[in-house]
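Each value in this text was obtained by applying a stated rule to the coordinates, not by laboratory testing. Everything numeric in this text was worked out from a predicted model, so none of it was measured. FYI the Cβ positions are ideal-geometry reconstructions off the backbone, even for glycines, and counts take in every protein chain you see.
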Amino acid sequence: MDQIKTGSFLKELRKEKKLTQEKLAETLGVSNRTVSRWETGTNMPDIGMLAELAEFYGVSISEIIDGERTAEQMNTQNTVMKMAEYGQNEVKNGKQRTAGYLLSGFGIFIIVSAFAVFPAESSWGSIYAVLGSTVFCAGCWCMIPAAVKKAPRILAVLSVMMILTGLFSAFDYISVTQFHQVPRFSLEKSWSSEYPEEVVHKTLFFTAVQKNPGTEKETVELIKQCNR
């Protein structure tokens, strides 16, 4: 079953009746967004709604599933087979979405636990946060309907990864500037003989220095704020 083709056919049928998405949604008792998702192929109506749409548009259920009008009338057996296939596809998509929700929730749980359990100095916090982010992105991938082409799905997941990277960087920046903690997501730590009492933490967007580590006088601040 080609969900994009089915969605385009539903859109064509609606336009033949000179109806807007809003008017159709009102007639069927659904939301405008639901109609839009049907017509873009990102989601499909359930079996009951499929039969209602077929009656409303004056076409067969098989024609909606195929996404085109057919010259010949299909027999009952073929119609039943197509409805069974449609139902199996609906169940499969539902399971995939459920798996996506579970993975995303578990990923968020790992990320929050990493921040709550491990101190800023521990590299395990960043490791588990990255692991949680990976699980979260896998969940987002599963939640995107299979009908969506691969390239947009990859682009969507990459966008989520970029957002998470920005959030982690913002979290580190606030930790350094407001709470004087070392950044969790340091890309590089360095020491120098010129400043033996300092540890430099380089992150993706800024650099922080940790002075007098392990002592009561320990401070952490951005490099640009330091008078060296």
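Enumerate the helices in the chain for which the Kyte-Doolittle hydropathy averages -1.0 or more and the C-alpha atoms extend at least 27 Å along the helix's axis, using complete DSSP H runs. Don't skip to the answer; put the middle values down first.
Values: long enough: 76-117 (61 Å, 0.11); 123-143 (30 Å, 1.20); 150-179 (42 Å, 1.21).
The qualifying helices are 76-117, 123-143, 150-179.
Using the 10 angstrom Cβ neighbour count as an exposure proxy, how do Y57, Y195, Y86 rank, fewest first? If you can, show how the numbers build up before the last one.
On the way: Y57 17, Y195 13, Y86 21.
In increasing order of surrounding Cβ atoms, one gets Y195, Y57, Y86.
Taking R0 as 25 Å, what FRET efficiency do you get between L187 and T219 from their Cβ-Cβ distance, rounded to the nearest 0.05? Walk me through the intermediate numbers first.
On the way: r = 21 Å, r/R0 = 0.85.
According to the calculation, E is roughly 0.75.
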Could you list the residues of the range 144-187 with an amide nitrogen less than 20 Å from a label point located 7 Å from the Cα of D2 in the Cα-to-C-beta direction? 145-153
Equivalent-ellipsoid semi-axes of the chain, from the Cα gyration tensor, Å, largest first: 57, 16, 13
Estimated inter-spin distance, E121 and N89, nm [label 7 Å along Cα→Cβ]: 5.8 nm
Which residues in the range 141-166 have a backbone N closer than 17 Å to a point placed 7 Å from the Cα of R33 along the Cα-to-Cβ line? 143-145
Using helices alone, I'd like the mean residue ellipticity at 222 nm for the chain: each DSSP H run of four-plus residues gives -39500 (n - 2.57), total over residue count, nearest 500. -21000 deg cm²/dmol
